[in-house]
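Just below is one structure, and these are the notes that go with it.
The values are calculated or read from the model by the stated rules, or taken from the named source; none is laboratory data. Just so it is clear, the structure is predicted and the values come from calculations on it, not from any experiment. Quick reminder, even Gly has a Cβ in these numbers, built from the backbone with ideal geometry, and neighbours come from all protein chains shown.
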Amino acid sequence: MPATEPVDLSGVTVLVVEDTALVADLLVEELRSAGCRVIGPAPRLKQGLELAATPGLDGALLDVNLAGEDCFPIADALAARGVPFAFLSGYGTTVLPAAYRDAPFLPKPVNLVEMYALVTRHFRPR
């Protein structure tokens, strides 16, 4: 779903961790078109953990299920660095552990207007 108005997220660096290629491509394309610097996409836990160490991250969009592995070690690594993140899932918030039940969440399929609003609210250039 395209945004109704142009969004300017210039200067925001976002890590994308998503294992479905079409979804990852859409998120990356939309974030870049809004001016974001995109790190990734990382399709698996190992790559996500490696990219979570990237200096200068302003936020991350994390698919909960990465080919059968949970993304929560990535969330833990980001939280330890003070990097905000949001979860993406088609299964609702019930898949989140109690520690992350209050984290920002986007249901799949992702509504791009909601994604832009979340990035605007929670991710700030460092």
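At a glance:
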read-out	value
Verdict on residue 25 being of a type in the set (Asp, Glu), buried (at least 20 other Cβ atoms within 10 Å of the Cβ) and either in contact with a strand residue (DSSP E or B) (Cβ under 9 Å, 6 or more places away or on another chain) or within 16 Å of residue 104 (Cβ to Cβ) (or both)	no
Test result for residue 42, surrounded by 22 or more Cβ atoms within 10 Å (Cβ to Cβ) and over 20 Å from residue 120 (Cβ atoms)	yes
Where residue 68 falls short, out of the listed (1) of a type outside the set (Phe, Trp, Tyr); (2) on the phi > 0 side of the Ramachandran plot; (3) touching a residue at least 40 places away in the same chain (Cβ under 8 Å)	(3)
Residues located in the stretch 22-53, provided they are over 22 Å from residue 112 (Cβ atoms), outside any helix (DSSP H, G or I) and among the small types (Gly, Ala, Ser)	53
Count - residues of the stretch 69-99 that are aromatic (Phe, Trp, Tyr) and touching a Ser or Thr at 6+ places or on another chain (Cβ under 9 Å)	1
Matching entry among 20, 13 (being modelled with pLDDT of 95 or more, within 14 Å of residue 83 (Cβ to Cβ) and among the polar types (S, T, N, Q))	13
Residue selected from the stretch 76-107 under the condition β-branched (Val, Ile, Thr) and over 18 Å from residue 59 (Cα atoms), by the criterion farthest from the chain's Cα centre (by Cα)	94
Residue selected from the stretch 93-126 under the condition of a type in the set (Gly, Ala, Ser) and surrounded by 11 or more Cβ atoms within 10 Å (Cβ to Cβ), by the criterion farthest from residue 66 (Cα to Cα)	117
